[in-house]
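What follows is a short report on a single structure.
The values are calculated or read from the model by the stated rules, or taken from the named source; none is laboratory data. Since the model is a prediction, treat every value here as computed from it, not as a measurement. All Cβ positions, glycine included, derive from the backbone under ideal geometry; neighbour counts span all protein chains shown. Just the protein is used for accessible areas: all its heavy atoms, side chains included, with ligands, DNA and RNA removed. Shrake-Rupley method; radii C 1.70, N 1.55, O 1.52, S 1.80 Å.
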2 protein chains.
Amino acid sequence: MKWSTLSIFVAASVVSAQTYKRLGTCPSLGCIFPPDQTDFYAGAYFDIRLEVHSPVNGTEAFKNGEIDKNFTLCIQKGDGPCEDVTKFFTVEDSKLDTWTFSYYEDLFARDAGSASVVNVASKGYRALALDEPGMYTARLKYHQTMETVAHWLVRAPAPERKAKNAIIFIGDGMTQPMITAARMIAHKSINGRYQSLMQMDQMEHLGHQMTHSIDSYITDSANSASALFTGHKTTSGALNVYVDSSRDSFDDPKYETVAELFRRKRGGAFGIVTTADVVDATPAAMCAHTRERGESAGIVYTFLNGASGDTGLNSTLAWPTSCEQPDVIFGGGAQAFLPGPDSPNGTDFYQAFAKEGYNIIHNNTQLQGVDIKKKTLGIFSKGIMSQWLDRHIYPESLKGRKNSPLGDDADALDQPGLKDMTLKAIDILQNRQKDSGKGWLMLSEGASIDKMMHALDYDRALGELLELDDTIRATISHLKDIGELDNTLIVVTADHGHGFDVYGSVDTKYMAAQTDPRKKRDAIGIYGESGLSGYTVAKGSSPDNNTIVVGSGGPNFPVQWDPRYTFAGGMAAHPDIREGWQVNKTGIRKTVVSGDGYVANPNDQPEGIEIEGTIPDDNSSGVHSLTDVSVFASGPGGEAFRGVYNSIDVFFKVADALGLGAPSSESQ
Amino acid sequence: MKWSTLSIFVAASVVSAQTYKRLGTCPSLGCIFPPDQTDFYAGAYFDIRLEVHSPVNGTEAFKNGEIDKNFTLCIQKGDGPCEDVTKFFTVEDSKLDTWTFSYYEDLFARDAGSASVVNVASKGYRALALDEPGMYTARLKYHQTMETVAHWLVRAPAPERKAKNAIIFIGDGMTQPMITAARMIAHKSINGRYQSLMQMDQMEHLGHQMTHSIDSYITDSANSASALFTGHKTTSGALNVYVDSSRDSFDDPKYETVAELFRRKRGGAFGIVTTADVVDATPAAMCAHTRERGESAGIVYTFLNGASGDTGLNSTLAWPTSCEQPDVIFGGGAQAFLPGPDSPNGTDFYQAFAKEGYNIIHNNTQLQGVDIKKKTLGIFSKGIMSQWLDRHIYPESLKGRKNSPLGDDADALDQPGLKDMTLKAIDILQNRQKDSGKGWLMLSEGASIDKMMHALDYDRALGELLELDDTIRATISHLKDIGELDNTLIVVTADHGHGFDVYGSVDTKYMAAQTDPRKKRDAIGIYGESGLSGYTVAKGSSPDNNTIVVGSGGPNFPVQWDPRYTFAGGMAAHPDIREGWQVNKTGIRKTVVSGDGYVANPNDQPEGIEIEGTIPDDNSSGVHSLTDVSVFASGPGGEAFRGVYNSIDVFFKVADALGLGAPSSESQ
C-alpha cells in the first residue's frame, strides 16, 4: 500500500498557530509520536511517546486543565485487530508521567506576556521495531471520547545489498544557484562553453529533495540532517527525536540513524568528517538523539559511549546504541573536548577517547602521518575550522584567532582541508574493515558553505563549495586507485538552502569612484552587461581573454578572487547590511554590529551601499530558505537518487543500497 | 571527437571590457560567426559572417583605423586541407561591406562620452550547412599577419526518430526555488509529507541546464530561447542570429531553429502558445531571426511569410525559410497585428493571416468552439494576457484594462488560460497531421512567471507557475485520451532564473499593527517559526488543520491567497521597494514610481517596510539571475534530458528525439 492511495485523515484544530505552536506534530489534544504519516525502515528501532494535553487556558482550554490518566494506545497492522501497545510489542506498560508547559499562541500574546498553560499526562515505550512491511494504525483514546489516529507505513526494504561502502557528502546550505555561481567563478567559459566542469555536474545521477521540517516549511540543519540520516523529519533544533513537551532534552522519542543501523546490522566501519565543530548539527545527526542540538557535551558523550548512559542522559531510557566510537571523527570544535566547566564532571574528552584506543591528532602534519590502523579523533581547531579562502589565498587572516585545538590560545595554522580529512578518513575506514568485507559508511560535510552564507560572506561560501567539489573529485579518484570505486555509493546533497543567487556584475572601480549611493548602483551590470567571469582570468587581463590560467588555489578554483568586475549576488533575507561585492581579505565578513537590534557594520564593505534588513533585527545573519536542493549520486544504488523526492527518502535509498533491511546472511 | 579532448585555443585581448564590449564573441580584431566553440546539428542551415575590425582610437587603436579589404577565410574538416570558404561550400564570394560603429570601453568612458570608434570590413555567406559530423576549423586571416581560428563541432545526430510529437513547455524565468514555493502554497503537507505533488515533481526524467549567454553570464529571454531552440547561444536581445556590428537588425548571421528544421525535414504540424505577446522573445525564438527582439513588426511578418522577404528584412539575404504560417499561434500582443503606424505599410495582420486561410479568434468562447481542421491565429489581448490569479480569484481587477485584442478599448474579459490554449492547440495540431504520421511540434510558454517576477509580484508569478503545472498535468491526461502520450516527448524547462526564494512567514496582522518599521520586521517568522503553509487551509482555519480543502481555483491551487500568515520571500536584485508580503488584489503590483531614478511606490504594500534597491536606479523591475534551471521530461527521447548540461543541449536532445538528423525515409 502506498501513501497516495490513503484516504485523508482529518483532525480539527482551533488554534491559528503558526509562529508558535503548542506542539508541532500534535494539532489535537492527543499526541502520538511517531505521528501520523510516518514512514519506517523495517527493523529499525524507534521509541513511542504518548501525550494527552489538557490546556488550562487560551483558545484550547479544556476541563480546567484536568489531566486524563486513563488514555490508551492500540496498534493494528493492516485490517487486523487493534491490540494494546503492550501486547502488540510485548513490552511492559510505561509508568505515567505528568508535567506542565506553556507557550504563546501568537506574537500578540508574546508581547502581552499571555502564556497558554497546558497540563500533560504521558507514557513512553522504548526501542521498539516494526519488522514487517505494511500499513499500521495507532489509535490513542483519551478524555473518554476523543481519539487521535496515526497511520504508519513500514516500507519494504530492498532484498539485497548493492553497495559495500557509502559516502554521503553534505554541502550544508548548498543550493543549485550556489553551485552555478561556483562554476562561474572557477571554470572558464569561452563563447558560451565551459572549458571544464564541476565534479557535481559530472555525477551519474541527479535528483532533488524537499527539505521542509515536519511542522514548519523552513528547516534548520539538525532537523534536516535527521531526515536525511534516519528517514524521520522532526522539529527545528532536534536531532533524531520527535519533540515532546517535556523539559529533558534527551528523553524525547528517538529513532535509529543510518550509522546506528549500519553498525548494528552490518558491523562495518564508520566515520565522520566535517569542517564545523564535530558536535555541530550535521555530524551529530549521525549518532546523537536530543531535542536540543546545542547540547554539545551530551553529543560528545554519545560519540564516546552511545545514546544511553549516565551523563546528561536519562539512564532509565535505554537505547540499544551502536553508534559509539566511530572509527574516524575529524573536524573542529575543540571546546567540547577540553576539560572545563562546560564538560560533564570536568571530563577531558581527548583523554577519554585516547583511553578507548583512539589516536588523537590536532593538525594536518599529524593527519598526513597518522597510523591508519587505529580509530582516530582529529580535532583541528576551537570552533569551526578555517575556510579554504583563508587557508589558500589569504593566510595572514588566520593569525590572531587563538583557535588552537589544545586550548592554549595559539593559532591553529596547520589545519587540514576537507579533502585532506576525507581522503585520510577513507584510508582509515578501508584499512579497518578490509579483511571483513563489511564495508564502511562515511559522512563528509562541507559545513561552512552554510556558515559563510549565514555571514553573507559569499566569496568564502563559494570557496567552501569549490573545496567540497574538489574533495568529491579527489575521492572518486582515490576510490578508483584503491579499487573501491565500483563498490561505493557516493551521494552528494545539501540539508537546506539559503536564497542566494547571482544577478550581475559589479565594476568595483567605478563603484568606489562614486560618492552618491544611488550613483554607486550604476556600477552594477545586469543582463548582457554582466559580461564574463573576471575570476577566471589572470590579474589585469580581460574576461574575454581565452587563455586558461590556473590560479594559486589550483585547477577548478578561481584564478583571482578580487577582479575589477566582481559578481553581484545576494539574498532577500538579511539583517541591515552594507554591500560592496568585494572579497573580505582579513577573514570572515562581519556584516553587523549590535545597536538597537543588529545594524549594519559601518566598516564592512565601506565602498558599497547600505541595504535595509528583511528579517527580525535580533537576528544577526542570513537565514535558511525553502528551495529544494540537488542530489548527485554515483556508484551502486545511485540510480535510486534520480527524480524528485522528500528528504527522508535519502535515508531509505542509502539504507537500501547498503542492504540494511536485507537478511545479514544474504548481503555479507 | 569531443570538445573535452580539444587543446585550448588562446587568443590575446587588451581591453578590460565587461560591462561594455566591442563585440561580444569577438575578442580579437578578426571575427568569425559562428565563433570558436560552436556546435552544429548536421544538415541545419547557418550563415557565416566575417568582420575585420580596425579600431580608430581607444585601447585597441590599430593602424589609424585603416580597413583590411583582403582578409580570407578557409575551412578544413578534421586534418584535411584548409579550403577557401567559396570552394568548401561551393558558393559565390560575398561582396565586401564596410561600416563604422562605436562603443564605450567602460562606465568611466560612458560618463566622459569617450566613445571608441571601429571601422569594419565584412563579408557574409548565407544558408550553408555542414552535413558530415566531425571537427572543423575555420581560419580567418587579416591585416596580413593576424589570424582568428574557430573550432566547430558537427555533432553526430541520432540515427533514428524516437518521438512522433514533441511539446516544449517553457516556464519563463522559472527556478527550482519558485517550484518549491508553488508546491508549498498549493499542496498540503501533513507532518512533513505532501499529500499531493506538482506534476513537474512526477515527471520521469530530471535534468539541469546552464542558461548563460555566449558573452555574458546573465541571459535575457531572447538569447536563452535561441539556445534552447537552435543549439546556438548568442548575445542578450538577439533571436537566432550571432550579433554582428552592422546597423541592420535583420542581416546578422542566422541559424536554423528546431521548428524550421522540423518543418523542412519532417513536414509536420507546428504550433506556438504563450501567455505573453506572441511576438515576445520566447515564442518569436521558434521562427524569427533578428538581433533586436523588440522588432515586433518583423517578427509578425516572419510568422506570416518566413525569415526572408521584403518587409523590414533584407531581401538579398535569402533564408530557406520553413517556419512561416505555423498551424497554431495563440497568445497576446494584439498591438502587433492591428493596422497602424507601427505596422509595416499599415498592414492589418489579422486580415493578412485570414487571407492565408487562418481562422482568427479573440476570446475563450471562440477558442472552445473553433474548427480544429484549420490553421488558427488566436490573439486574446493587447499586451500580455491576464494572469491566472486575476482571472480566477480577483476577476474585478480585469476591468478597465482596455486590452481588447480588437483594439477597441474594451476589456478583454473572456481570455483563455494556458491550459485552454494548450489543449486546443494539441487538438488542432493532431487533427492537421494525423493522417500523415508526420507528427507535430509545439511550444507552450507560461510567460508571465517571468513577467510577474520582474514586477516582484510573487503571488501572481506563483499563480502562473501553478497554471503551467496544471497545464502539463492536463496535457498528459489529454494526450493519453487521444492515444498520443506514448508518441510524444514532453520537455518542461525554463530559459533563465530570477533569484527568488522563500525564507519564512509573515504574520500580516502583527505587521500591520506595528508602526515602527523595525518592529514590523518582528512579524517575520524564520526557521521553526515559519510554520506550515497558510495557503492550503480554509479561511479562519489553522495551518495545522489536516483537512484537505479544494479552493476556488480548483485542486493543485491554493485554498486562499491572503492567509494571515503569508510567506516571506523575495530576491536580492530589486529597485527601491516597499514590501509587506501581501497579495495585491487589484492587479499587477506596481512597486516603483518615477522619481530621481525609480523609487518605491508609496502606495504599494502600505503596511510593509521599505528596502533599498540593489540595481541601477534606471531599472524599474527585478532582473534575471544566474542559476541553472531544472528540466523535466517524459516520453520517447526523454531519458536524454537527465543530468547536467548546457542550454544548447536541449535543442540537440529534442532534435534527436524527433530524428531531425536522421534520413527522412527511416523515420516517417
Residues that are of a type in the set (D, E, K, R) and within 24 Å of A:Ser224 (Cα to Cα): does region A:177-198 have at least one?
no
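Would you check if there is a residue in region A:102-112 being away from chain B (no Cβ under 14 Å), among the polar types (S, T, N, Q), touching a residue at least 12 places away in the same chain (Cβ under 8 Å) and in contact with a strand residue (DSSP E or B) (Cβ under 8 Å, 6 or more places away or on another chain)? Can you show your working first?
The initial filter retains those residues of region A:102-112 that are away from chain B (no Cβ under 14 Å), namely A:102.
From the residues that got through so far, the ones that are among the polar types (S, T, N, Q) too are A:102.
Right, trim to touching a residue at least 12 places away in the same chain (Cβ under 8 Å) and you get A:102.
Now drop any that are not in contact with a strand residue (DSSP E or B) (Cβ under 8 Å, 6 or more places away or on another chain), which leaves A:102.
Yes, because at least one residue in region A:102-112 is away from chain B (no Cβ under 14 Å), among the polar types (S, T, N, Q), touching a residue at least 12 places away in the same chain (Cβ under 8 Å) and in contact with a strand residue (DSSP E or B) (Cβ under 8 Å, 6 or more places away or on another chain).
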Considering residues that are within 23 Å of A:Thr25 (Cα to Cα), more than 9 Å from chain A (Cβ to nearest Cβ) and charged (D, E, K, R), the number found within region B:531-581 is 1
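Let's see how each residue does on (1) surrounded by fewer than 21 Cβ atoms within 10 Å (Cβ to Cβ); (2) assigned to a strand (DSSP E or B); (3) out of contact with any helix residue (DSSP H, G or I) (no Cβ under 6 Å at 6 or more places or on another chain):
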{"residue": "B:Gln18", "(1), (2), (3)": "no, no, yes"}
{"residue": "B:Thr25", "(1), (2), (3)": "no, no, yes"}
{"residue": "B:Pro35", "(1), (2), (3)": "no, no, yes"}
{"residue": "B:Asp47", "(1), (2), (3)": "no, yes, yes"}
{"residue": "B:His53", "(1), (2), (3)": "no, yes, yes"}
{"residue": "B:Asn64", "(1), (2), (3)": "yes, no, yes"}
{"residue": "B:Ile67", "(1), (2), (3)": "yes, no, yes"}
{"residue": "B:Ile75", "(1), (2), (3)": "no, yes, no"}
{"residue": "B:Thr86", "(1), (2), (3)": "yes, no, yes"}
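Conditions (1) modelled with pLDDT under 95; (2) crowded, with 16+ Cβ neighbours inside 10 Å; (3) not assigned by TED's automatic domain parsing to the domain that holds B:Met442, marked per residue:
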{"site": "B:Gly80", "(1), (2), (3)": "no, no, yes"}
{"site": "B:Ala112", "(1), (2), (3)": "no, no, yes"}
{"site": "B:Ala121", "(1), (2), (3)": "no, yes, yes"}
{"site": "B:Leu130", "(1), (2), (3)": "no, yes, yes"}
{"site": "B:Phe169", "(1), (2), (3)": "no, yes, no"}
Can you name every residue in region A:413-465 that is open to solvent by 10 Å² or more (accessible area, probe 1.4 Å) and under 19 Å from A:Ile379 (Cβ atoms)?
A:Leu413, A:Asp414, A:Gln415, A:Lys419, A:Asp420, A:Leu423, A:Lys424, A:Asp427, A:Lys451
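For region B:240-258, check the following and say yes or no: at least one residue is in a helix (DSSP H, G or I), touching a residue at least 40 places away in the same chain (Cβ under 8 Å) and either under 23 Å from B:Leu23 (Cα atoms) or not assigned by TED's automatic domain parsing to the domain that holds B:Lys123 (or both). Before the answer, list the steps.
Initially, region B:240-258 is screened for residues in a helix (DSSP H, G or I), giving B:258.
Retained after the next criterion (residues that are touching a residue at least 40 places away in the same chain (Cβ under 8 Å)): B:258.
Cutting the leftovers down to either under 23 Å from B:Leu23 (Cα atoms) or not assigned by TED's automatic domain parsing to the domain that holds B:Lys123 (or both) gives us B:258.
Yes, there is a match, as at least one residue in region B:240-258 is in a helix (DSSP H, G or I), touching a residue at least 40 places away in the same chain (Cβ under 8 Å) and either under 23 Å from B:Leu23 (Cα atoms) or not assigned by TED's automatic domain parsing to the domain that holds B:Lys123 (or both).
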Within region B:189-215, how many residues are at the interface with chain A (Cβ under 9 Å from one of its Cβ atoms), over 24 Å from B:Leu485 (Cα atoms) and not aromatic (Phe, Trp, Tyr)?
12
Matching residues in region A:462-497 - criterion: being under 27 Å from B:Met453 (Cα atoms) and out of contact with any Leu (no Cβ under 9 Å at 6 or more places or on another chain)
A:Ala494
In region B:340-393, how many are farther than 24 Å from B:Asp409 by Cβ and outside any helix (DSSP H, G or I)?
13
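Could you identify the single residue in B:Glu132, B:Glu147, B:Glu160 that is over 29 Å from the mean Cα position of the chain (by Cα) and over 27 Å from B:Ser246 (Cβ atoms)? First the steps, then the outcome.
Details: B:Glu147 fails: over 27 Å from B:Ser246 (Cβ atoms); B:Glu160 fails: over 29 Å from the mean Cα position of the chain (by Cα).
Of the residues listed, the single one that is over 29 Å from the mean Cα position of the chain (by Cα) and over 27 Å from B:Ser246 (Cβ atoms) is B:Glu132.
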When region A:600-650 is examined, which residues are found to be touching a Lys or Arg at 6+ places or on another chain (Cβ under 8 Å), at the interface with chain B (Cβ under 8 Å from one of its Cβ atoms) and assigned to a loop (DSSP other than H, G, I, E, B)?
A:Gly613, A:Thr614, A:Ile615, A:Pro616, A:Asp617, A:Arg642
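Kindly indicate which of B:Gln514, B:Gln605 is polar (S, T, N, Q), out of contact with any strand residue (DSSP E or B) (no Cβ under 6 Å at 6 or more places or on another chain), without any contact (Cβ under 8 Å) to a residue 40 or more places away in the chain and over 27 Å from A:His496 (Cα atoms).
Values: B:Gln605 fails: out of contact with any strand residue (DSSP E or B) (no Cβ under 6 Å at 6 or more places or on another chain).
So the residue among B:Gln514, B:Gln605 that is polar (S, T, N, Q), out of contact with any strand residue (DSSP E or B) (no Cβ under 6 Å at 6 or more places or on another chain), without any contact (Cβ under 8 Å) to a residue 40 or more places away in the chain and over 27 Å from A:His496 (Cα atoms) is B:Gln514.
Residue-by-condition table, conditions (1) more than 23 Å from A:Lys585 (Cα to Cα); (2) among the small types (Gly, Ala, Ser); (3) touching a Phe, Trp or Tyr at 6+ places or on another chain (Cβ under 7 Å); (4) modelled with pLDDT of 95 or more:
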residue	(1), (2), (3), (4)
A:Phe337	yes, no, yes, yes
A:Asn345	yes, no, no, no
A:Tyr350	yes, no, yes, yes
A:Phe353	yes, no, no, yes
A:His362	yes, no, yes, yes
A:Asp371	yes, no, no, yes
A:Ile384	no, no, no, yes
A:Asp390	no, no, no, yes
A:Tyr394	no, no, no, yes
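For every residue, the table says whether it meets (1) among the small types (Gly, Ala, Ser); (2) closer than 30 Å to B:Gly439 by Cα; (3) modelled with pLDDT of 95 or more.
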site: B:Asp459; (1), (2), (3): no, no, yes
site: B:Leu468; (1), (2), (3): no, yes, yes
site: B:Lys480; (1), (2), (3): no, yes, yes
site: B:Gly483; (1), (2), (3): yes, yes, yes
site: B:Asp516; (1), (2), (3): no, no, yes
site: B:Arg521; (1), (2), (3): no, no, yes
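What about A:Lys539, is it basic (Lys, Arg), surrounded by fewer than 24 Cβ atoms within 10 Å (Cβ to Cβ) and more than 23 Å from A:Asp450 (Cα to Cα)? Let's see the steps before the verdict.
Details: basic (Lys, Arg): yes; surrounded by fewer than 24 Cβ atoms within 10 Å (Cβ to Cβ): yes; more than 23 Å from A:Asp450 (Cα to Cα): yes.
Taking the combined requirement at face value, the residue satisfies it.
Of B:Ala227, B:Ala269, B:Ala284, which residue is more than 14 Å from chain A (Cβ to nearest Cβ), buried (at least 24 other Cβ atoms within 10 Å of the Cβ) and under 13 Å from the mean Cα position of the chain (by Cα)?
Working: B:Ala227 fails: more than 14 Å from chain A (Cβ to nearest Cβ); B:Ala269 fails: under 13 Å from the mean Cα position of the chain (by Cα).
Sole residue among the options that is more than 14 Å from chain A (Cβ to nearest Cβ), buried (at least 24 other Cβ atoms within 10 Å of the Cβ) and under 13 Å from the mean Cα position of the chain (by Cα): B:Ala284.
Residues being free of Cβ contacts under 8 Å to residues at least 24 places away in the same chain, open to solvent by 20 Å² or more (accessible area, probe 1.4 Å), part of a loop (DSSP other than H, G, I, E, B) and over 21 Å from A:Trp561 (Cβ atoms): count how many of those fall in region A:180-206.
Final tally of qualifying residues: 1.
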For residues that are in a loop (DSSP other than H, G, I, E, B) and under 25 Å from the mean Cα position of the chain (by Cα), tally how many sit in region A:315-339.
12
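Listed residues A:Lys509, A:Lys520; which is open to solvent by 10 Å² or more (accessible area, probe 1.4 Å), farther than 30 Å from B:Gln37 by Cα and either free of Cβ contacts under 8 Å to residues at least 60 places away in the same chain or away from every other protein chain (no Cβ under 11 Å) (or both)?
On the way: A:Lys520 fails: either free of Cβ contacts under 8 Å to residues at least 60 places away in the same chain or away from every other protein chain (no Cβ under 11 Å) (or both).
Exactly one of A:Lys509, A:Lys520 is open to solvent by 10 Å² or more (accessible area, probe 1.4 Å), farther than 30 Å from B:Gln37 by Cα and either free of Cβ contacts under 8 Å to residues at least 60 places away in the same chain or away from every other protein chain (no Cβ under 11 Å) (or both), namely A:Lys509.
One line per residue, one yes/no per condition, for (1) on the phi > 0 side of the Ramachandran plot; (2) touching a residue at least 60 places away in the same chain (Cβ under 8 Å); (3) not acidic (Asp, Glu):
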site	(1), (2), (3)
B:Lys21	no, yes, yes
B:Ser28	no, yes, yes
B:Asp36	no, yes, no
B:Gly43	yes, yes, yes
B:Arg49	no, yes, yes
B:His53	no, yes, yes
B:Thr59	no, no, yes
B:Gly65	yes, no, yes
B:Cys74	no, yes, yes
Just checking, does region A:410-424 include any residue being under 28 Å from A:Ser196 (Cα atoms), more than 14 Å from chain B (Cβ to nearest Cβ) and touching a His at 6+ places or on another chain (Cβ under 6 Å)?
yes
Is it true that B:Gly597 is out of contact with any Pro (no Cβ under 7 Å at 6 or more places or on another chain) and of a type in the set (Gly, Ala, Ser)?
yes
